[in-house]
Amino acid sequence: MSGFVKRFNGLLDLVLQAQCPLCHRTTAAAFCQACQRQLQQCQLPNPAWSQEEQLPVFAWGRYSGALRRTIAAFKYENKPHLARPLGEWLALAWLGATKQATTFTVVPIPMHPTKQQQRGFNQADLLAEQFCEQTRLPLQKQGLSRSRETTAQFQLSAGDREQNLADAFSLGKAFRKRHPTGSVLLLDDIYTTGATARSAAQTLRRHGIRVQGLIVLARAALEKDEG
Ligand SMILES: [Zn+2]
């Protein structure tokens, strides 16, 4: 199926069935009330930047429970329309935590083209579209490109992951033409070990582009930051 057809089917799914993606109850909203409550419980109490290894990270929620199931449905059960509520929540949390009106260029972490073709969409692109619509920040989907297919990360040890991701990215065609004026905010769906985001940030920094940090919908629990 082409990306367009997949996205179109996702929309049809939304319009015709209007089912909660988690429990399949009929609902007019993105989620039924019970699942919405469960999702809200996954939100971090005070979303803020936290300094991780080489890269500050801003997350909306914890990668567990209903949020984990929602992200799985979004990515693996062809529900691209879930990007709207999820991207909006992320934007509202970020706006609430951001004092100064600095303009950042938002760059979603790209997927390898083959993988993206299989899925029909890149979840980070869709989240970034919603995030930028709410925050009015400029979006640049061509800031980075994925230059190499990487071995599935979960099969590797932590050291091998870093190696696997070294040079996984290259500068995208938009930034090859012209660098952004200010700093870049990277955006992805989840943050686990951070290896992917660090690799992406390193690629930009190597080219003299400043990276403010990474914005994610969900981050793995701090005490078991794996996977
Ligand atoms: Zn539900």
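The values are calculated or read from the model by the stated rules, or taken from the named source; none is laboratory data. All of these numbers come straight from a predicted model, not from anything done at the bench. Quick reminder, even Gly has a Cβ in these numbers, built from the backbone with ideal geometry, and neighbours come from all protein chains shown.
Being within 16 Å of the ligand (Cβ to nearest atom) and either at pLDDT 95 or above or among the polar types (S, T, N, Q) (or both) narrows it down to one residue among A59, A72; which is it? Exactly one residue qualifies, and that residue is A72.
Mind listing whichever residues of the stretch 195-220 are of a type in the set (D, E, K, R) and under 18 Å from the mean Cα position of the chain (by Cα)? Answer for the stretch 195-220, where residues must be of a type in the set (D, E, K, R) and under 18 Å from the mean Cα position of the chain (by Cα): R198, R219. Per the conditions (1) among the polar types (S, T, N, Q); (2) within 12 Å of the ligand (Cβ to nearest atom); (3) farther than 17 Å from E88 by Cα, the sole criterion not satisfied by Q36 is (3). Whenever a residue of the stretch 45-58 is β-branched (V, I, T), it has no partner that is exposed (fewer than 11 other Cβ atoms within 10 Å of the Cβ) and in a loop (DSSP other than H, G, I, E, B) lying with C-beta atoms less than 9 angstrom away and at least six residues away or across chains. For Q100, the requirement of being at pLDDT below 95 and in a strand (DSSP E or B) is not met.
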